[in-house]
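**Student:** Submitted below is the structure of interest, expressed as structure tokens.
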Amino acid sequence: MERVRQRGAYGISYDCDVLVIGGGIVGLSTAYAITRAAPGTRVTVLEKEPGPARHQTGRNSGVIHSGIYYRPGSLKARYAVRGAAEMVKFCAEYGIAHAVTGKLIVATERDELPRLHALVQRGRENGIPVRELGAAQIAEYEPEVRGLAAIHVGTTGICDFVGVAGQLAHASGAEIRYGAEVVRIDRRPALGVAVRLGDGGVVRARVLVNCAGLHCDEIARLAGDEPGVRIVPFRGEYYSLARPELVNGLVYPVPDPAFPFLGVHLTRGIDEGVHIGPNAVPALAREG
Ligand SMILES: Cc1cc2nc3c(=O)[nH]c(=O)nc-3n(C[C@H](O)[C@H](O)[C@H](O)COP(=O)(O)OP(=O)(O)OC[C@H]3O[C@@H](n4cnc5c(N)ncnc54)[C@H](O)[C@@H]3O)c2cc1C
């Protein structure tokens, strides 16, 4: 498709209306949502890698989270609950591998029980189907798992996020430019933005959306903002379970409030393999 430059106020010519930096799930779903909400809007996505979902999006646990962990009424809770349902619908519509498996959250220590009960409360307030299980009932779902108590969360699922990202890119109708690393941003109030790429090319747009994942703070600074946060890189490593038949679905611990992680979990993926992880290892690089 040939892109035509348009002139705006002050005679500036724009390559597109909205420029999205980052071809992970956030950037591609942003492009998809914009072209759905405002057909005719010209959206360009710039991604430095040769394809979509090469970083967090393509290297995560592959879980469609239910929203059980989030404070009722919060944006996170509302978006997670709605997003989980929309993700399942999107996968079904486009034939992307997925399954609504449900998941277990298992307490193995006494001091975890109050936090497990708090999750039951949260889940129900968020409208999520939650079933409380005594020690003996855990085996109904996972015969090889032992615990003091557990909950079964009905709406958790798994999917192929790389497939989702590829389909979002295609269905958005946006121009997706791979191998396009943003190295400089010139932002003028009321005039829009001009971004310079690593190969020296320039792309002009009315609006810029920063979806650069682990580089989003750098992109914010290039655009003249001070985000007030610093990305401290941690890498999550997974192991493959040698005997995947020991686990039927998804098994999580009760999260420890001392850490901003869900805890090491067992995940049966869409490829039928079972992964254990992630841990959190301080890393020198933000990606890779
Ligand atoms: C170990 C781990 C497990 C997780 N498990 C799950 C899970 O099971 N379920 C779930 O829902 N979430 C999970 N998450 C969270 C989820 O993966 C992320 O929230 C999500 O992928 C973030 O997407 P993103 O598009 O913001 O970032 P990314 O996928 O990292 O995409 C950002 C993109 O921006 C590009 N970019 C950066 N800088 C530039 C630049 N200067 N120019 C051009 N392009 C640039 C990058 O190349 C990258 O492709 C997990 C996260 C981790 C770390």
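**Student:** For the Cα atoms of the chain, what angle does the longest principal axis make with the long axis of helix 75-94, in degrees from 0 to 90, nearest 10?
**Tutor:** 80
**Student:** Quick one: helix 25-37 against the long Cα principal axis of the chain, what's the angle to the nearest 10°, folded into 0 to 90?
**Tutor:** 60
**Student:** Separate question: Roughly what angle does helix 113-125 make with the longest principal axis of the chain, taking Cα atoms, 0 to 90 degrees, to the nearest 10?
**Tutor:** 50
**Student:** Rounded to the nearest 20 Debye, what is the dipole magnitude of the chain about its Cα centre when Lys and Arg each give +1 and Asp and Glu each give -1 at the C-beta?
**Tutor:** The calculated dipole for the chain is roughly 960 debye.
**Student:** Related question: When the chain is fully extended, how far beyond the present Cα-Cα distance does Leu246 get from Ile12, taking 0.36 nm per residue of separation?
**Tutor:** 78.0 nm
**Student:** Once Lys and Arg get +1 and Asp and Glu get -1 on their Cβ, which of His152, Ala190, Ala135 lies farthest toward the positive end of the dipole of the stretch 94-192?
**Tutor:** Toward the positive end, the furthest listed residue is Ala190.
FYI, it's all coordinate maths here, none of it is from the lab. What you see is a predicted model; the values in this text were computed from it and never measured. So basically every Cβ, Gly included, is an ideal-geometry build from the backbone, and we count neighbours across all protein chains shown.
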